[in-house]
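The structure under discussion appears below in the form of structure tokens.
The values are calculated or read from the model by the stated rules, or taken from the named source; none is laboratory data. In this text the structure is predicted, and so the values were computed from the model without any measurement. Every residue, glycine among them, receives a Cβ derived from its backbone with ideal geometry; neighbour counts consider all protein chains shown. Heads up: the accessible areas ignore ligands, DNA and RNA and are worked out on the full protein's heavy atoms, side chains in. Shrake-Rupley method; radii C 1.70, N 1.55, O 1.52, S 1.80 Å.
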Amino acid sequence: MKEPKVEIPCAPTRRFASRVTACALSLERAAVRCGGFAIGIVASYTRAMFDALGGRPNAYVSRVKPSAHVAGRAYVSRSGYKFDDVKPYLYVTEDFGATWKSIASNLPSQPINVITEDPKNPNLLFVGTEFGLFVSLDAGKTYTPFQNGLPNVRVDDILIHPRDRDLIVGTHARSIWIMDDITPLEQMAAKAG
């Protein structure tokens, strides 16, 4: 599949006035960029401004994450918390944003703040919500609560250290929480996938 050219507006215009809530660039492919806006629109690889993700039409875009493994894949999490909507909105595209499918599966009814794909294993996903951290070993088909000493707190950001393979979780109440070396999880996800 040919990668389309990308142009994303960096400032609000008269036709499209909203603040940017999520922005992502693919470090692997310079042509892949995407952004999310407070009014629920995702500016995707195809330059289209659309709201075809399903669920609440004006849900806040909390995170946009291009895949490190597949050129056309990206993840989008949305949150309806401003409307007292606690359903989990989590989507993936495999075709540069032309179509989206929900991967919220068995996540509990909690707003989603962040999603991160493991840089070594595409089946391993980490999702941060208002009340904790969840892990999927099968690319979002199922999720398991991942506490391992982490209390039930809002998870705002997730990073995997590239050298040490540590899972670094930024929380709203407990500052930073680090799980040393997630290599065993990567191996479990490889077997499950």
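For N113, the shell of other residues with beta-carbons less than 15 Å away shows a net charge of +3, using +1 for Lys and Arg and -1 for Asp and Glu. Using 0.36 nm per residue and subtracting the Cα-Cα separation, the extra length available between A68 and F131 on full extension is 20.0 nm.
Per-residue extension of 0.36 nm, minus the Cα-Cα distance of N106 and K191, leaves a gain of 28.5 nm for this segment.
I need the semi-axes of the equivalent ellipsoid of region 108-171: take the C-alpha gyration tensor, multiply each eigenvalue by 5, square-root it, list largest first in whole angstrom.
Values: eigenvalues 61, 41, 19 Å².
In descending order, the three semi-axes are 18, 14, 10 Å.
Pairs from the list K82/K120; K141/K191; K65/K120 with a Cα-Cα gap above 26 Å: K82/K120.
At a 1.4 Å probe, what is the % contribution of carbon and sulfur to the accessible area of region 68-193? Please list the in-between numbers first.
Working: 3080 of 5810 Å².
Here carbon and sulfur together make up 53 percent of the probe-accessible area.
Contour minus end-to-end for K141 and D85, with contour as 0.36 nm per residue of separation and end-to-end as the Cα-Cα distance?
On the way: separation 56, 0.36 × 56 = 20.16 nm, distance 2.24 nm.
Full extension of this stretch gives 17.9 nm more.
Take the Cα of A98, step 7 Å toward its Cβ, do the same at T183, and the gap between the two points is 4.0 nm.
Database remark: amide H of D156 closer than 5 angstrom to the amide H of G170, T171, H172 (H placed geometrically; neighbours at sequence offset of 5 or more, or on other chains; Pro and chain starts carry no H). Ordering F134, G97, G170 by the projection of their Cα atoms onto the charge dipole of region 56-171, which places +1 on the Cβ of Lys and Arg and -1 on the Cβ of Asp and Glu, puts G97 at the extreme positive end.
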